[in-house]
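The values are calculated or read from the model by the stated rules, or taken from the named source; none is laboratory data. What you see is a predicted model; the values in this text were computed from it and never measured. Positions of Cβ are generated from backbone atoms using ideal geometry, with glycine treated the same way; all protein chains shown enter the neighbour counts.
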Amino acid sequence: MPWKLGMNRVSAIVFIAVVSAAFQGEVGAAEDSPASRTVAIPLANPLKGFDASTIAWNSATQIFDASTQYIATAFNWDESLQGRFAYLALASYFNGATAYYSHEMAHRFHQKNDIRHFWLDLSDWSYFYPKFEMGTWRDYWDAREFQEYVYSNNPDLDSRIKRWLILIQESGLYQEKCNARFVAQSSSRTSSTTISNAISFVLSHMGEITYNLLSGDEPIGVIPTLGYNIFDENDITGYIHTMRDLGATISRDDWLISSVLAFAASGQTWNSARAGYQYIAHGERSVDNLAWSISDRVALSPPNFYLFPTYRGLYLESETCIRMLSPGAGRIHMVLGTGLDSFGLNQTGAVDWLRVGGRYDAIGLDLRLITLSLSPYCYADLTRGLKHRGQSLGAEIFCPLGARFSLQGNIEYNKNDILEGVIKNKGEGMYFLAAVGFELQKDGSSQ
């Protein structure tokens, strides 16, 4: 499922430069800026699920950024306007690689063949990076199920296969949104946005927009397979076509406009624009995040919006960070999600779903032998009539080991949750994920 990232990368640089030029006021450097870069290795196969993949690709981004910063420091790029644009270009290129490969790998999460492997075609740089290659159609389909799907007249099987096709088609876009959300949450923990996080967020969040603009009107082809023609579609045309087969008309224009609005209205987009301006104008690498002081104890950040094309229709989720200003207090991340049809858009699918809840970040636990940081969360899934449908509850755990190592984990219970079940396709019940972390550096040199 191809995606040309060259325009995506250029668009991100232009967006940061142009939009941030509107911010002519001074933006102070963040006092609570990140003090380290942590590389985490998930103890699960990143080729089989979004959570492990998100951790792995964020770690790759951290390594790329550390390398880019080393080059920028060696050549004093921060000291000149030309050098700062050179840094933006190089950092955007590496972040574009992360976006491209994570997007393509995510399409393979739901293949029928359990063998996961891939290779890079070093002779094909048409996507500005070595082309990603992984398996064939036979890895996606179970041969017996394929035959039954083609020749039988089983409406239950037909509906199930089409839902599976949606997952295959849209997993790349899902992964981008997971990557963007991870970056936004990382920035909220420090109440600041670095130029590196700004580039990463913009590239990940706007990928759907670029894809729609560049490839949304491509013709649908066919691939002869076992005497039957299967459709050759990209992520945009495939979703619209498959949803039409499921009885839901999705308007490409409504989808595109909604994607643009979700991106433009997100607080982290504006934090990223401000970080871009501050770096270009002054060479400073981080800014304080936007926030409104509700009282002397509470500050409210503008929400971020994430749009997901699901087999139920276009689903929009918002996340707002509420920061407690008292010493030692944490943050609450409030979530509200529903279908776009809730806003009167008739060509976005009927998503009768309401997801509400939040995560508290974080509770410190001193157990004498070890010190833990616990971030519990709970989300309830309801109909629009407020009838209970399901839930997702659990906790993220962080345990430092010495000066630079750490253990990270996530334990949760899911039942009929739209994000964890419908979008990430996790099975119902308990879910565990662990990772080993290592800090690349421990300083303020990145500032």
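Things worth noting here:
- Search result, residues across the range 313-331 that are touching a Phe, Trp or Tyr at 6+ places or on another chain (Cβ under 7 Å) and under 23 Å from GLY344 (Cβ atoms): LEU314, TYR315, LEU316, GLU317, SER318
- Any chance SER200 is assigned to a helix (DSSP H, G or I) and in contact with a Cys (Cβ under 7 Å, 6 or more places away or on another chain): no
- Candidate set from the range 277-298 (those that are acidic (Asp, Glu) and out of contact with any strand residue (DSSP E or B) (no Cβ under 9 Å at 6 or more places or on another chain)); member that is nearest to ALA91 (Cα to Cα): GLU284
- Residues that are in contact (Cβ under 8 Å) with a residue 60 or more places away in the chain and not in a helix (DSSP H, G or I) were ranked within the range 78-117; the one that is nearest to HIS282 (Cα to Cα) is HIS107.
- Single match in THR61, THR73 (criterion: within 26 Å of TYR277 (Cα to Cα) and either modelled with pLDDT under 90 or surrounded by 14 or more Cβ atoms within 10 Å (Cβ to Cβ) (or both)): THR61
- Only one of the numbered conditions (1) within 18 Å of ILE423 (Cβ to Cβ); (2) out of contact with any strand residue (DSSP E or B) (no Cβ under 7 Å at 6 or more places or on another chain) is not met by VAL356, and that is (2).
- Residues in the range 423-447 that are out of contact with any Leu (no Cβ under 9 Å at 6 or more places or on another chain) and of a type in the set (A, V, I, L, M) were compared, and the one that is modelled with the highest pLDDT is MET430.
- The single condition among (1) outside any helix (DSSP H, G or I); (2) at pLDDT 90 or above; (3) out of contact with any strand residue (DSSP E or B) (no Cβ under 8 Å at 6 or more places or on another chain) that ALA40 does not satisfy is (3).
For (1) at pLDDT 95 or above; (2) surrounded by fewer than 22 Cβ atoms within 10 Å (Cβ to Cβ); (3) touching a helix residue (DSSP H, G or I) at 6+ places or on another chain (Cβ under 9 Å); (4) on the phi > 0 side of the Ramachandran plot, each residue gets a yes or a no:
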| residue | (1), (2), (3), (4) |
| --- | --- |
| LEU246 | no, yes, yes, no |
| SER251 | no, yes, yes, no |
| LEU261 | yes, yes, no, no |
| GLN278 | yes, no, yes, no |
| ARG285 | no, no, yes, no |
| ILE294 | no, yes, no, no |
| PRO309 | yes, no, yes, no |
| GLY328 | no, yes, no, yes |
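- Taken together, the criteria place PHE94 among residues that are touching a Ser or Thr at 6+ places or on another chain (Cβ under 8 Å) and either modelled with pLDDT of 85 or more or under 24 Å from GLY207 (Cα atoms) (or both).
- The range 311-326 - residue that is surrounded by fewer than 20 Cβ atoms within 10 Å (Cβ to Cβ) and of a type in the set (A, V, I, L, M, F, W, C) and, of those, modelled with the highest pLDDT: ILE322
- So SER196, is it in contact (Cβ under 8 Å) with a residue 12 or more places away in the chain, under 19 Å from the mean Cα position of the chain (by Cα) and either crowded, with 23+ Cβ neighbours inside 10 Å or over 30 Å from SER301 (Cα atoms) (or both): yes
- Single condition TYR87 does not satisfy, out of (1) over 25 Å from PHE438 (Cβ atoms); (2) surrounded by 19 or more Cβ atoms within 10 Å (Cβ to Cβ); (3) at pLDDT 95 or above; (4) of a type outside the set (Lys, Arg): (1)
- Residue match in the range 346-357 (condition: charged (D, E, K, R) and in contact with a helix residue (DSSP H, G or I) (Cβ under 6 Å, 6 or more places away or on another chain)): yes
- Among the residues here, MET134 qualifies as within 26 Å of ILE240 (Cα to Cα) and more than 21 Å from the chain's Cα centre (by Cα).
- Criterion applied to ASN212, ASN179 was being free of Cβ contacts under 8 Å to residues at least 60 places away in the same chain, part of a helix (DSSP H, G or I) and within 21 Å of the chain's Cα centre (by Cα), and the one residue passing it is ASN212.
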